[in-house]
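The values are calculated or read from the model by the stated rules, or taken from the named source; none is laboratory data. What you are looking at is a predicted structure, and each value in this text was computed from that prediction instead of being measured. Cβ placement follows ideal geometry from the backbone for every residue including glycine, while neighbour counts extend to all protein chains displayed. The accessibility values were calculated without ligands, DNA or RNA, using every heavy atom of the protein model including side chains. Shrake-Rupley method; radii C 1.70, N 1.55, O 1.52, S 1.80 Å.
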Amino acid sequence: MKDNNDHITMLGTGNALATRCYNTCFTLHGARGVLLVDAGGGNGILTQLEKAGIRREDITDLFVTHAHTDHLLGCIWIMRMALQFRYPLRVWSHKKVLDLLTSICRQILPQKEAEDIGNLVTMHCLDDGDRFEAGGFPMQCFDIHSTKERQFGFAALLTDGARLCCLGDEPFSPQCRQYAESADWLMSEAFCLYEDRDRFQPYEKHHSTVLDAARLAEELRVRNLILYHTEDQTLDTRRARYMIEAKTAFSGQVFVPYDLESINL
């Protein structure tokens with residue numbers, strides 16, 4: 001029996017243009033805090049938190065992977081709630097993301113609220129390989145070497161000593177191997193099934209298929225694989241079909257969560 005309550009709640013599992021599920025973002029819960037990773041493309045993040053039973057004020061930290069709209073814009077609403085209702089929030093990312101969030105908030109929020117950026121809501125600039133603590137978890141961020149937009153993944157040390165690695169939402173770069181190899185938990189984007197690649201064209205969009213993610217997880221010798229950032233046209237059969245394809249190449253445990261589902265780590 002595990003002696004910790006660490007868990008992930010998937011607030012959204014969809015890709016940028018998904019309409020039948022929310023954009024990919026999730027919370028990582030531990031004994032000392034709650035870390036929100038990205039926030040989707042709008043104020044739907046507030047609805048997702050409410051449906052999941054997560055109080056906004058319990059979120060201690062926000063980690064933003066990159067500056068694409070489906071990851072960044074919901075962060076403005078998370079920051080606005082903290083500023084308006086007066087609770088502390090730490091925001092972690094690289095300089096471009098932090099500059100964008102600060103600039104947007106200062107231009108569109110009431111001046112009295114915007115003045116507290118840097119005080120109540122604090123911005124923490126990270127670089128490749130930096131170590132920090134968020135949500136009570138020791139973490140290390142890493143540049144995923146995106147071909148589109150600078151993006152960070154992260155590795156987190158869980159309460160029981162297990163390692164969780166989030167690869168971001170693009171195909172794996174061998175330069176990130178040190179962070180992902182032999183991880184207990186690997187979070188990987190899977191845009192669609194390999195058998196559906198002609199329909200959804202993941203490679204043209206610089207994304208992976210389920211089979212690609214499964215082969216990677218097996219190569220990296222990870223124990224558990226979480227698939228997310230998917231298409232939303234096959235939701236009724238997504239879990240079953242994704243798991244079948246993943247198990248053809250990966251010998252560990254596979255998770256294909258729906259929005260608002262939690263995974264015990």
Study note, to complete from the structure: Selection from segment 19-54 of residues of a type outside the set (Val, Ile, Thr) and within 24 Å of residue 138 (Cβ to Cβ) yields 25, 26, 28, 29, 30, 31, 32, 33, 35, 36, 38, 39
Practice item. Considering each of 99, 6, 58, 116 in turn, give the residue that is surrounded by fewer than 20 Cβ atoms within 10 Å (Cβ to Cβ), within 25 Å of residue 185 (Cα to Cα) and among the acidic types (Asp, Glu). Key: 58
Review point. Only one of 195, 149, 181 is of a type in the set (Asp, Glu), touching a residue at least 12 places away in the same chain (Cβ under 8 Å) and in contact with a Leu (Cβ under 6 Å, 6 or more places away or on another chain); which?
Key: 181
Exercise for review: Find all pairs meeting these conditions: Cβ atoms under 8 angstrom apart; at least six residues apart or on different chains; first residue within segment 214-227 and open to solvent by less than 10 Å² (accessible area, probe 1.4 Å); second residue of a type in the set (S, T, N, Q).
Suggested key: 214/248; 217/188; 220/182; 225/188; 225/253; 226/188; 227/188
**Study point:** Whichever residue in segment 228-253 is touching a helix residue (DSSP H, G or I) at 6+ places or on another chain (Cβ under 8 Å) and open to solvent by less than 10 Å² (accessible area, probe 1.4 Å) and, among such residues, is farthest from residue 193 (Cα to Cα)
**Key:** 250
Review point. What are the residue pairs meeting all of these: first residue in segment 46-60, first residue without any contact (Cβ under 8 Å) to a residue 40 or more places away in the chain and part of a helix (DSSP H, G or I), second residue surrounded by fewer than 13 Cβ atoms within 10 Å (Cβ to Cβ) and of a type outside the set (D, E, K, R), Cβ atoms under 8 Å, and 6 or more apart or on different chains?
Key: 56/85; 57/85
Check your understanding: Quick check, is residue 147 over 18 Å from the mean Cα position of the chain (by Cα), modelled with pLDDT under 95 and surrounded by fewer than 18 Cβ atoms within 10 Å (Cβ to Cβ)?
Key -> yes
Revision key, fill the gap. Within segment 172-201, of all residues that are out of contact with any Asp or Glu (no Cβ under 7 Å at 6 or more places or on another chain) and in a loop (DSSP other than H, G, I, E, B), the one farthest from residue 63 (Cα to Cα) is 201
Practice item. Quick one: count up the residues across segment 103-146 that are free of Cβ contacts under 8 Å to residues at least 40 places away in the same chain, under 30 Å from residue 204 (Cβ atoms) and part of a loop (DSSP other than H, G, I, E, B). Key: 3
